[in-house]
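Undergrad: First the structure, then my questions, so here it is.
Derivation of every value follows stated rules applied to the coordinates shown; laboratory data play no part. If you're wondering where the values come from, they're calculated on a predicted model, not measured in any experiment. Note that we place each Cβ from the backbone using ideal geometry, even for glycine, and neighbour counts take in every protein chain shown.
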Amino acid sequence: MRQLPILFAPLAVVGLLSTARPAAATVIFSDNFNSENGGVEAFNYVGFANWGVSDGTVDIIGNFGFFDLYPGNGMYVDLDGSTGDAGILTSTSLFGPGSYVLSFNLAGSARGDSNTVIVRFGGVDISGGGITLGSAAPFSPPISLSFTAGAPGQISFENLGGDNVGLILDNVTLDQVPEPGSLLLLGGG
C-alpha cells in the first residue's frame with residue numbers, strides 16, 4: 001500500500017456536539033449553495049461556483065422546487081445525483097498546511113433510506129470512517145471536524161452508495177485555527 005504524503009493529526013472529531021467556532025479562528029471558505037444555478041433546482045449539476053464533481057453526479061435542490069425536502073433552507077446538495085452513481089463533491093480551492101475546523105450541516109435523504117458520507121481533506125478521511133444518517137434525520141446542528149494538515153489539500157464529500165438518494169449537504173465553512181505559538185504572540189501584543 002502506498003503511503004500518502006499528507007500528514008494528519010486529528011485534534012478531535014467533535015461531531016454534533018459543537019456549534020461554536022474556536023477562539024481566534026478565521027473563516028477562509030464558506031458556501032451555502034443558495035446562489036447556485038440562479039436558485040433553481042438542477043439534476044446532475046456540474047456548474048458549482050466553488051466545487052467540482054467527479055466519479056458520478058450530485059443534484060442541487062431546494063428553494064421551493066419539487067425536491068425542496070427541507071423548506072426554508074434555500075438551496076442544498078443531494079450528494080447522490082440522479083444517475084445511480086454518487087459523485088464526489090470537491091472544493092476547487094486548495095488549502096495549505098495548518099490546523100482547521102470544517103463545519104457543515106447534513107440531513108437525511110427524506111426518501112426512505114440511510115446513507116453514509118465520507119469527508120476528506122487532501123484525500124484523507126477526516127470523518128472517522130464516515131457520517132451515517134437515517135432518511136428522516138433533520139438538518140443537523142453544524143457538524144465540526146477539527147484536524148491538522150501537513151500538506152495542501154482540498155475538501156471533499158463522498159456519499160457512499162448509488163441509488164439516486166443521498167444525504168443532503170448545506171452551509172460548508174472552513175476555519176483556519178492559529179498554531180498555539182501564534183496565539184501566544186497575539187495574546188502578548
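Undergrad: Residue-wise, which Karplus ³J(HN,Hα) couplings in Hz belong to segment 131-143, taking 6.51 cos²θ - 1.76 cosθ + 1.60, θ = phi - 60°, and x for glycine or proline?
TA: Per residue, the Karplus-derived 3J(HN,Hα) values read 10, 10, 10, x, 4, 8, 5, x, 3, 6, x, x, 8 Hz.
Undergrad: So how far, in whole Å, is the C-alpha centre of segment 113-175 from the one of segment 58-111?
TA: 9 Å
Undergrad: Once phi is turned into θ = phi - 60°, what whole-Hz ³J(HN,Hα) does the Karplus curve with 6.51, -1.76 and 1.60 give for every residue of segment 67-82, x standing for Gly and Pro?
TA: 9, 7, 6, 10, x, x, 10, x, 8, 7, 10, 7, 6, 10, x, 9
Undergrad: Summing Lys, Arg as +1 and Asp, Glu as -1, what charge do residues with Cβ under 11 Å from the Cβ of ASP85 carry, ASP85 excluded? Mind showing how you got there, number by number?
TA: Numbers: positive: none; negative: ASP55, ASP80, ASP163.
Neighbour charge sum, excluding ASP85 itself: -3.
Undergrad: To continue, here is another question. Assign one of three labels to segment 51-120, namely rounded, prolate or oblate, based on the Cα gyration tensor with a ≥ b ≥ c the square roots of its eigenvalues; rounded applies when a/c is under 1.5, prolate when it is not and a/b is larger than b/c, and oblate otherwise.
TA: prolate
Undergrad: Taking H as built 1.01 Å from N, whose amide H comes closer than 5 Å to the amide H of ASP85, not counting residues under 5 places away?
TA: Those lying under 5 Å, H to H, from ASP85 are THR57, ASN164.
Undergrad: For the pair ASN32 and GLU179, how long in nm is the line joining their label points, each one 7 Å along Cα→Cβ?
TA: Output for this residue pair reads 3.5 nm.
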